[in-house]
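Undergrad: Have a look at this one.
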Amino acid sequence: PRTYAPDTRLFLILHAIGVQKYTCQANGTWLFTDPEATLYKTTGVLQPIGTHYLNFVTGRPVWQLDDDGSSVEAARIAMASGGSGNIAWLLLQAVATGDGRLGRTTYVQRLNTSGGVAPAGTCTPGATIAVPYTADYFFFRLDDDA
């Protein structure tokens, strides 16, 4: 996987297991509200190392690591189909970072998605649903050698 920026390099891949949450609108259609997932290392023992959630103030997704508390918040800049029944693949650009391991993140890609799509058909206004999904998140930062 590559971003649009040739001066970046992949430095971390995490696997997410969680849910995509939806609320039924007044017109009987599902509206995505937020993701909620646990992030895992992709090597060795399946061990949780962070969380993925929505910053409700900004409306942007956040990935946060448990060990150093570092996080990245990103905005979507491109998307592609993840295939039937799967949420889209995304390219996101970092807009807010702090210190620590994720502090220098420039881009995040969501790939290899499975599930997470709202049910087809109409729904009862006010109803909520959490649809299980998995995905891989690829984290890029500026290449120090570029």
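The values are calculated or read from the model by the stated rules, or taken from the named source; none is laboratory data. Fair warning: this is a prediction, and the values are worked out from it, not measured in the lab. Cβ sites come from the backbone with ideal geometry, for glycine too, and all protein chains shown count toward neighbours. Side chains included, ligands, DNA and RNA excluded: accessible areas come from the protein's heavy atoms. Shrake-Rupley method; radii C 1.70, N 1.55, O 1.52, S 1.80 Å.
Undergrad: Of the numbered conditions (1) within 30 Å of G28 (Cβ to Cβ); (2) open to solvent by less than 60 Å² (accessible area, probe 1.4 Å), R76 satisfies every one except a single condition; which is it?
TA: (2)
Undergrad: Mind checking which pairs have a first residue in the range 43-54 that is under 18 Å from V19 (Cβ atoms) and a second that is open to solvent by 80 Å² or more (accessible area, probe 1.4 Å), Cβ under 7 Å, 6 or more apart or different chains?
TA: Close Cβ pairs (under 7 Å, with a partner that is open to solvent by 80 Å² or more (accessible area, probe 1.4 Å)) amount to G50/D66; Y53/E36.
Undergrad: When you go through T124, T128, T113 one by one, which is the residue that is over 18 Å from S70 (Cβ atoms), of a type in the set (S, T, N, Q) and without any contact (Cβ under 8 Å) to a residue 60 or more places away in the chain? Walk me through how you get there before you give the answer.
TA: Numbers: T124 fails: without any contact (Cβ under 8 Å) to a residue 60 or more places away in the chain; T128 fails: without any contact (Cβ under 8 Å) to a residue 60 or more places away in the chain.
Going through T124, T128, T113 in turn, just one is over 18 Å from S70 (Cβ atoms), of a type in the set (S, T, N, Q) and without any contact (Cβ under 8 Å) to a residue 60 or more places away in the chain: T113.
Undergrad: Among the residues of the range 24-55, which ones are over 15 Å from the mean Cα position of the chain (by Cα), modelled with pLDDT of 95 or more and open to solvent by 50 Å² or more (accessible area, probe 1.4 Å)?
TA: Q25, A26, N27, T29, W30, L31, P48
Undergrad: Moving to a separate point now. Kindly establish whether A96 is under 18 Å from D136 (Cβ atoms), in a strand (DSSP E or B) and of a type in the set (A, V, I, L, M).
TA: No.
Undergrad: Any chance you could count how many residues in the range 55-92 are under 14 Å from L14 (Cα atoms), free of Cβ contacts under 8 Å to residues at least 24 places away in the same chain and of a type in the set (A, V, I, L, M)?
TA: 1
Undergrad: Still on this model: Suppose we keep only residues that are among the polar types (S, T, N, Q) and within 19 Å of T58 (Cβ to Cβ) within the range 75-99. Which one would you say is farthest from the chain's Cα centre (by Cα)? Show your work before the answer.
TA: Initially, the range 75-99 is screened for residues among the polar types (S, T, N, Q), giving 81, 84, 86, 93, 97.
In the following step, the residues that additionally are within 19 Å of T58 (Cβ to Cβ) were identified as 93, 97.
Values: Q93: 12, T97: 15 Å.
Out of the qualifying residues, it is T97.
Undergrad: From the list T105, T113, T122, exactly one residue is in contact with a strand residue (DSSP E or B) (Cβ under 8 Å, 6 or more places away or on another chain) and either more than 19 Å from I17 (Cα to Cα) or surrounded by fewer than 18 Cβ atoms within 10 Å (Cβ to Cβ) (or both). Which is it?
TA: On the way: T113 fails: either more than 19 Å from I17 (Cα to Cα) or surrounded by fewer than 18 Cβ atoms within 10 Å (Cβ to Cβ) (or both); T122 fails: in contact with a strand residue (DSSP E or B) (Cβ under 8 Å, 6 or more places away or on another chain).
Going through T105, T113, T122 in turn, the sole match is T105.
Undergrad: Next question, about the same structure. Taking A78, is it aliphatic (A, V, I, L, M) and closer than 23 Å to Y40 by Cα?
TA: The answer is no for A78.
Undergrad: Given the condition of a type in the set (S, T, N, Q) and outside any strand (DSSP E or B), answer yes or no: does some residue in the range 122-135 qualify?
TA: First, the residues of the range 122-135 that are of a type in the set (S, T, N, Q): 122, 124, 128, 134.
Okay, now just the ones that are also outside any strand (DSSP E or B), so 122, 124.
Within the range 122-135, one or more residues are of a type in the set (S, T, N, Q) and outside any strand (DSSP E or B).
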